[in-house]
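Data first, discussion second: the structure below is written as structure tokens.
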Amino acid sequence: MLLAGSPAVAHPLSFTPAQGAYDIAFVFPGAPANPGIRMLELHRAADGSVSGWVTSDWYGRMPMQQIVVTPTLLSFDLRNLNTPGVPIRHWRAQVRGQNVTLDGGIWDSTVALTGHRATAAERTALTFHETTLPALGTLAPDGLALTPPMGWSSWNKFADKIDDATIRAIADAMVSTGLRDAGYTYVNIDDGWQGVRGADGQIRPNAKFPDMKALADYVHARGLKFGLYSSPGPRTCAGYEGSYGHVRQDAQTFADWGVDYLKYDLCSGEYFYADADTVQRSYYEMGAALRATGRPIVYSLCEYGRFRVGSWGRAVGGHLWRTTGDITDDYATMARIGFEKNGDPSDAGPGGWNDPDMLEIGNGGMSEAAYRSHMTLWAMSAAPLMMGHDVRTTSAAAKRLLEDRAVIAIDQDARGVQGKAVRKQGTSEIWLKPLAGGAYAI
Ligand code: GLA
């Protein structure tokens with residue numbers, strides 16, 4: 001970072017040596033994992049212009065804005081994310097000899113850290129390597145997901161408290177409950193399976209998943225399909241390793257393990273891909289990488305419905321795309337999504353579906369009548385039906401709803417039309433879904 005030919009002060013004890021160029025860095029060992037603030041760099045060129053960066057595990061090397069520097073106090077802004085109405089956050093760094101205190105915040109994290117001047121080795125080790133996205137391309141339909149995908153996902157019930165034995169037991173229960181035979185074929189591990197990368201860059205599962213290929217084989221042996229989860233960012237939403245910088249490698253690893261379904265969740269990628277162009281290109285990058293493996297893999301886009309994803313989700317290889325933020329196990333949230341946030345019906349059809357998020361049926365937070373509305377809304381919307389409860393303890397009531405063959409037939413109708421309200425009166429709505437062969441579900 002030192003400018004060739006400019007006088008430089010390598011180790012100033014304050015932010016502003018009397019004159020000339022300088023280039024300093026502080027590191028923050030022991031910073032909390034989220035957002036994983038690792039390093040602060042400040043650079044002054046010979047012409048006096050100052051630039052700086054804060055490097056974090058989640059958001060990479062974030063450029064400082066509005067930098068004001070005095071001998072011992074540095075203040076600056078960082079672009080914020082995910083907080084409507086708060087586009088930037090203010091930060092301050094105070095030098096005390098070889099140490100620095102840093103205060104700021106980003107999204108839902110408050111940062112208050114003490115760091116020390118970086119050695120050259122520390123700085124090299126903590127330098128974040130940015131990758132560039134491919135130009136946007138278009139992927140032709142591949143014949144998968146001709147009807148909305150059906151299965152189970154670990155997130156709603158278990159969050160990241162999952163392990164190999166639980167997933168195997170769920171697969172067994174999918175068979176013994178009859179849910180597999182009712183059409184629920186995917187067994188999807190959501191966030192929380194990831195470990196660290198090896199020296200070769202290859203992602204490894206964490207200790208709770210000793211052998212991902214063996215687990216996929218176990219699931220396949222029961223006539224089921226196997227799904228995993230990753231993010232285009234360096235960190236997933238729960239803070240695990242994402243695919244940033246390893247997209248093609250991860251796609252190949254997933255294919256080698258026998259993965260049939262990938263949910264790709266924007267999470268920390270939001271800082272890198274904050275507009276329509278970069279979000280599309282990042283989803284295209286993984287879509288193209290999955291295709292390149294030659295394995296048929298259903299590709300689930302999870303960027304919360306931003307930038308009219310329904311209008312470009314298919315072109316980047318997606319078979320379903322989330323239309324909203326997360327569902328929770330309560331009527332108000334479920335109904336808001338099901339009635340208002342289930343996507344534009346004109347975007348949905350064979351091969352590509354609006355995804356209003358996974359089911360909560362069986363998790364206990366809603367009444368039986370509310371769960372019936374949940375199942376009805378999802379089926380009339382031709383929504384993917386991803387169960388989210390503990391299948392091992394499926395109640396009789398949940399089983400009745402989830403295995404209702406007539407309702408499933410409406411969801412899975414080959415014509416693939418997303419139904420919608422055709423009349424609204426007070427709090428009542430009449431919904432219509434045209435079916436194959438000219439019939440209607442009302
Ligand atoms: C996001 C997604 C959820 C789930 C979690 C996992 O919130 O929207 O569906 O995958 O991340 O961390």
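Express as a percent, rounded to the nearest 5, the fraction of DSSP beta bridges in the chain (both residues included) that run antiparallel.
70 percent
Sort out for me the Cα centre separation of segment 89-144 from segment 269-342, rounded to whole Å.
Cα centres, segment 89-144 to segment 269-342: 25 Å.
Want the number for Asp277 to Arg222: 0.36 nm per residue separation, take away the alpha-carbon distance, what's left? Could the numbers behind the result be given before it?
Details: separation 55, 0.36 × 55 = 19.80 nm, distance 4.10 nm.
Taking Asp277 through Arg222 to full extension adds about 15.7 nm, to one decimal.
What size of dipole, in debye to the nearest 20, comes out for segment 368-442 about its Cα centre when the only charges are +1 on Lys and Arg C-beta atoms and -1 on Asp and Glu C-beta atoms? Spell out each step's value before the answer.
Working: 10 positive and 7 negative charges, 33 e Å.
Using Cβ point charges on Lys, Arg, Asp and Glu, segment 368-442 gives about 160 debye.
Using the structure shown, select from Lys208/Lys263; Lys225/Lys433; Lys161/Lys420; Lys161/Lys433; Lys225/Lys399 the pairs with a Cα to Cα distance greater than 30 angstrom.
Lys161/Lys420; Lys161/Lys433
Please express the Cα-Cα pair-distance distribution P(r) of the chain as a list of whole percents, one per 10 Å bin, running from 0 to the bin with the greatest distance.
In whole percents, the pair-distance histogram is 4, 20, 27, 22, 14, 8, 4, 1, 0.
Relative to the longest principal Cα axis of the chain, at what angle does helix 368-380 sit, 0 to 90 degrees, rounded to 10?
The two axes meet at around 90 degrees.
Considering the dipole of the chain built from charges on the beta carbon (Lys and Arg +1, Asp and Glu -1) around the Cα centre, which of Leu102, Thr278, Ser243 is farthest to its positive end?
Comparing the listed Cα positions along the dipole, Thr278 ranks first.
Could you tell me which trypsin sites (Lys or Arg not before Pro) in segment 105-211 are loop residues by DSSP with no more than 10 other beta carbons within 10 angstrom of their beta carbon?
Details: sites: Arg117, Arg123, Lys157, Lys161, Arg168, Arg180, Arg197, Lys208; in loops: Lys161, Arg180, Lys208.
Qualifying residues, ordered by number: Lys161.
For Ala125 and Ser176, compute 0.36 nm times the residue count separating them, minus their Cα-Cα distance, and round to one decimal in nm.
Working: separation 51, 0.36 × 51 = 18.36 nm, distance 5.08 nm.
So the extension gain works out to 13.3 nm.
Quick one: net charge around Asp329, please, counting Lys, Arg +1 and Asp, Glu -1 for every other residue with C-beta under 10 Å from its C-beta.
Numbers: positive: Lys157; negative: Asp330, Glu360.
So the environment of Asp329 carries a net charge of -1.
Suppose only helical runs count, i.e. DSSP H with n ≥ 4. What mean residue ellipticity at 222 nm does that imply for the chain under -39500 (n - 2.57) per run, divided by all residues and rounded to the nearest 500 deg cm²/dmol?
Details: 11 runs with 104 residues, N = 442.
Result for the chain: -7000 deg cm²/dmol, rounded to the nearest 500.
Calculate, in nm to one decimal, what Leu136 and Ile88 gain on full extension: separation in residues at 0.36 nm each, minus their alpha carbon distance. Can you show the working numbers first?
On the way: separation 48, 0.36 × 48 = 17.28 nm, distance 2.87 nm.
Extra length available between Leu136 and Ile88 comes to 14.4 nm.
Could you work out how far apart the two model spin labels at Gln249 and Asn99 are, taking each label as a point 7 Å from the Cα in the direction of the beta carbon, and quote it in nm?
Taking the simple label geometry, Gln249 and Asn99 are separated by 3.7 nm.
Rounding to the nearest 20 debye, state how big the charge dipole of the chain is about its Cα centre with +1 on each Lys and Arg Cβ and -1 on each Asp and Glu Cβ. Please report the intermediate quantities before stating the final value.
Numbers: 41 positive and 46 negative charges, 40 e Å.
Its charge dipole is roughly 200 debye.
Could you give the accessible area per residue of the chain, probe 1.4 Å, as a whole number in Å²?
The answer is 41 Å² per residue.
Residue farthest toward the positive end of the dipole of segment 111-169, with Cβ of Lys/Arg at +1 and Asp/Glu at -1: which of Thr138, Gly115, Ala165?
Gly115
Measuring from a point 7 Å past the Cα of Arg392 along Cα-to-C-beta, which residues in segment 211-238 have an amide N at less than 20 Å?
211-212, 214-227
If you place +1 on the Cβ of every Lys and Arg and -1 on the Cβ of every Asp and Glu, how big does the dipole about the Cα centre of segment 133-251 come out, in debye to the nearest 20?
Dipole size: approximately 60 debye.
The values are calculated or read from the model by the stated rules, or taken from the named source; none is laboratory data. It should be emphasised that the depicted structure is a prediction, and the values quoted were computed from it without experimental measurement. Quick reminder, even Gly has a Cβ in these numbers, built from the backbone with ideal geometry, and neighbours come from all protein chains shown. For the accessible areas, the whole protein counts, side chains as well, though only heavy atoms, and no ligand, DNA or RNA atoms are used. Shrake-Rupley method; radii C 1.70, N 1.55, O 1.52, S 1.80 Å.
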